[in-house]
Amino acid sequence: MNSEEYIVLKRLRDGDIEALDVLYLHYAPKVRDFVFRLLHDATEAEDLTHDIFLRVWEQRQTVGNVLSFKNYLFRMTRNAVFNVFKHRRIEQSYQQRTEVRDGGMVAPEKPDERVSTDDLMQLIDLAVSNMPEQRRKVFCMSRYDHMSYNDIARELNISPKTVQYHISGALAELRKLLSAIAVFI
């Protein structure tokens, strides 16, 4: 952490609202971009960014003592995004159970899904799951099933050039995500 950031964090810890403004002006665009790349919703990204900086203010006593504000902000942002996805899963599960119950059947309860991989893999998996269906299929077949472009093309009844197009697009999305994550490192 540089000395300028240390001074701003000390001012924040002491309750200086202008210190929060300095941090917000510097980091909010980066946080918003990172969140948008995962949620694909500009309004939700904006709201979540505001919520994160509200939490920074609320936790200013703790934030003033961190060794790396970037790492702290990354963890806070990552957790906020995971909470959004967890909330979406809960809503979808509830909606599915409600639809099944209305049809006369009760859906079985599912155990909680826990995130068990490291931060980077979680974010990559999240990004892959948000890709368009065909791109996701092609990418998973290539990277996870270790299939060649020709094998994928035969399996999906598409041309090898189309496979290459989808892989290039998927890798471009992941590069953008990684560059957004790099802001926090």
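Annotations for the structure displayed:
- Summed residue charge, Cβ within 13 Å of MET141's Cβ, Lys/Arg positive, Asp/Glu negative: +1
- Nearest-20 debye value, region 3-89 charge dipole, Cβ charges on Lys, Arg, Asp, Glu: 520 debye
- Modelled spin-label separation between ASN130 and LYS176, with each label point placed 7 Å from Cα along the Cα-to-Cβ direction: 1.0 nm.
- Full extension of the segment from LEU25 to GLU155, taken as 0.36 nm per residue of separation minus the current Cα-Cα distance, would add 41.9 nm.
- For region 3-89: rounded, prolate or oblate by the Cα gyration tensor [a/c cutoff 1.5]: prolate
- A full extension of the chain between MET121 and LEU54 corresponds to an added length of 21.4 nm, given 0.36 nm per residue minus the alpha carbon distance.
Values quoted throughout were computed directly from the atomic coordinates according to the rules given, and no laboratory measurement underlies them. Everything quoted here is computed from the prediction, not taken from an experiment. Note: ideal-geometry Cβ built from the backbone for every residue, glycine included; neighbour counts use all protein chains shown.
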